[in-house]
Structures are given as structure tokens and as C-alpha cells.
Amino acid sequence: MAHVLMVVTAADAITLGDGTAHPTGFWAEELVELHRGLVAAGHGVDLATPGGARPPVDPGSLTGDAEESLRAYLAEIDALLAHSRALADVAEGEYDAIVLPGGHGPMVDLAADADLGRLLVDAVDREAVIGVLCHGPAGLLSAVREDGSFAFSGRRLTVFSDEEERQGGLGEGSPYLVESRLRELGALIEPGAPWSVTVVSDGTLVSGQNPQSSVATAQAIVDVLAAR
């Protein structure tokens, strides 16, 4: 059984390009399916946020046909959500894997969180498993080494694409585009068609593109953990 740390945003709003605040948080389907898949495979999952705050769910992710089942699962893991660890208290090497679900929230806090950056750099160096989904790769932006280099430069991954952001995300209001920012830092982005189920595995780095890729990303992470 692997010891997995799920790192989740604590941001409940994102400031748009025009200065207005837009509600955000974690995307329910992504957190639920990642957690469900890992636990079903027998892995232990802890949760951490900046400051140990309770992570807010993006209200936009609790709509549609799946709303009832998502709310039910979140209620089942309420104790986990209510007792998040503070990222600053997590030691390097403490977990076998680090997993980041999306929602626009990671763009706000995780992208610049020094403690997350510290843990991710350590995870890269010891080849621990790292799984990111949708906007979760925004958290990778924090992984800057002491020499100023980006820990994921040259690594293959996918992310909620710029085209998806324009089509069904924040559009032109987005404060920045995660795909573009990662490319600028040297990551090798391999996006699939908008809204397709797309997962990219590069060694111990597993990434999924969008909410549609949630189940497949969870399975890919489980597969990589099983191979170790």
C-alpha cells in the first residue's frame, strides 16, 4: 500500500482579468474520482492544503446529473476534508506519491506555494509518483529549484488546455493560461482534443487533461504505483 498525499487548493475565489472575483475551489469530480480510485486500490490518502484550511468545493462542479452522487461522496469523506494537514508541516520523503486535483483554485494558491514546491522538487529527485489533473498542473509551477530552474522542464504532460480554457473555462478573463505558462518554463505539453479523455504518463509523472479524464487519470496513477 502506498502512502499518498493529495494536495488541494484552499482558494475559494480567483481574480479575473477585469479585477472581479469569481468563485472557485477544487473540482468535485476530480477530487472524488482520484480519491475513489486510490482508495479502491488499497492506498492510504492524506489531504493537505496551504495553512491546513478546509478546501472549498467549486460550486460550478456540483451541477448536472452527477451532483447527487458527488455530494454523497464528499459527505462520506467530510472528516478528511475537515482535517487537512498544513503543507508546511509535511516532511520531504514522507509520502510515496503526491496528487493534485484541479479546479481553478490551484492557479491562485498552489502555483506559488513554497512548501508545495519544496515537496515536488523532492518528489522529482527521488522519483516518487506525481499525479496532476486538469488545472492541478498549476501547482507544478511552484517547483523551482534553488538555482532558478523549473523541476518539470523537459517533462511530458497534459493539462487543461488553452483551447479548453477559451471554450469552456474562464475565457479571456483567466488571469493566465496554465498550458502556456508551463510551456514557457520548458514543460513538454501534449494536449489531446478539447474535452477528450487524455492521460499522459512520463515515468513517474502522470497527468490528465480535464474532468472527463478523471477516472482514467486515477487508474493511470494506480498503475504506476503498482509497478513500483
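The values are calculated or read from the model by the stated rules, or taken from the named source; none is laboratory data. Because the structure is a prediction, the values reported are computed rather than measured. Note that each Cβ is placed from the backbone with ideal geometry, even for glycine, and that neighbours are counted across all protein chains shown. These accessible areas exclude ligands, DNA and RNA; they are computed on the full protein's heavy atoms, side chains included. Shrake-Rupley method; radii C 1.70, N 1.55, O 1.52, S 1.80 Å.
What number, rounded to the nearest 500 deg cm²/dmol, is the helix-based mean residue ellipticity at 222 nm of the chain, given -39500 (n - 2.57) per DSSP H run of at least four residues and division by all its residues?
-8500 deg cm²/dmol
Kirkwood Rh, segment 117-201, all Cα pairs: how many Å?
13.4 Å
Just to be sure I understand: of the beta bridges DSSP finds with both ends in segment 1-121, what percent are antiparallel, rounded to 5?
20 percent
Rounded, prolate or oblate, given the Cα gyration tensor of segment 1-95, with a/c below 1.5 counting as rounded?
Judged from the Cα gyration tensor, segment 1-95 comes out oblate (a/c at least 1.5, b/c at or above a/b).
So if I take the centroid of the Cα atoms in segment 177-228 and the same for segment 17-58, what is the distance between those two points in Å?
First find each Cα centre; the distance between them is then 17 Å.
Can you tell me how much longer the chain between Ala40 and Asp147 gets when fully stretched, taken as 0.36 nm per residue apart minus their C-alpha distance, in nm with one decimal?
The Ala40-Asp147 span can extend by a further 34.5 nm.
Per 5 Å bin, what percent of the C-alpha pairs of the chain does each bin hold, from zero upward?
1, 7, 16, 22, 23, 18, 10, 3, 1, 0
How are the Cα pair distances of segment 103-145 distributed, in percent, across 10 Å bins from 0?
33, 56, 11
Please report, as a whole percent, how much of the solvent-accessible surface of the chain comes from carbon and sulfur atoms (probe radius 1.4 Å).
C and S atoms contribute 50 percent here.
Heavy-atom accessible area per residue, the chain, 1.4 Å probe: how many Å²?
With the other protein chains kept in place, the chain gives 40 Å² per residue.
Using label points projected 7 Å from each Cα along Cα→Cβ, tell me how many nm separate Arg54 and Ala13, to one decimal.
Placing both labels 7 Å along Cα→Cβ, they lie 1.9 nm apart.
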